[in-house]
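The values are calculated or read from the model by the stated rules, or taken from the named source; none is laboratory data. This one's a predicted model, so the numbers in the text were calculated from it and none came from an experiment. Glycine also receives a Cβ, built like all others from the backbone with ideal geometry; neighbour counts cover every protein chain displayed. Note: areas computed on protein heavy atoms with side chains; ligands, DNA, RNA excluded. Shrake-Rupley method; radii C 1.70, N 1.55, O 1.52, S 1.80 Å.
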Amino acid sequence: MKKTVVSHVAFGCATALLASCVTYLALEPESMSLPQARAQAPANTGTRQTELFKTTMNDVLGRVVTIRRTERDPGNGSGPHRHPGSHTFGYVLEGSYEVRVDDGPLQKLGPGGTFYEPPGALHAVSRNGSSTQPVKYLVIQVSDPTKPQTVPE
């Protein structure tokens, strides 16, 4: 029962953070930047991630919440992978993003589209759906810091 309540609280917190972040970014002009944003080295060529927010929720089993903006060049994608200890939420800001979780259907998402990956699920497809335009999307994760962030398949 306690584990279920904690999962619901973590999910609710992540949803609230997602809504707040999307609202903030939707109102923010392109020329502004978040002071705490830190660019990360790309996992592969054609992908850029900027960490916008990160904190440890000490009152929710020490889970770490991270919000990143990911940009992928046209035609760019990543190989199948898993996030063993993370609830992963996505929100498309611009462009076309294709995602498949486990053996579910291929989702072709545009601006405003969302996706969710439960911990340990196979992120079978993660790619820019356009061969000519970049895609930008937010990734919000509520993670168990004792588990690996990403495990390739």
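Net charge of the neighbourhood of Gly95, taken over other residues with C-beta under 14 Å away and scored Lys/Arg +1, Asp/Glu -1, is +2.
Would you mind classifying the stretch 52-99 by shape? Square roots of the alpha carbon gyration tensor eigenvalues, ordered a ≥ b ≥ c; an a/c under 1.5 is rounded, otherwise it is prolate if a/b is larger than b/c and oblate if not. Prolate is the answer for the stretch 52-99, as a/c is 1.5 or above and a/b outweighs b/c. Geometric descriptor of the stretch 92-153, per residue, is 94 Å³ (volume of the convex hull of the Cα atoms). Here the accessible area of the stretch 66-153 is 51 percent carbon and sulfur, with a 1.4 angstrom probe and all protein chains present.
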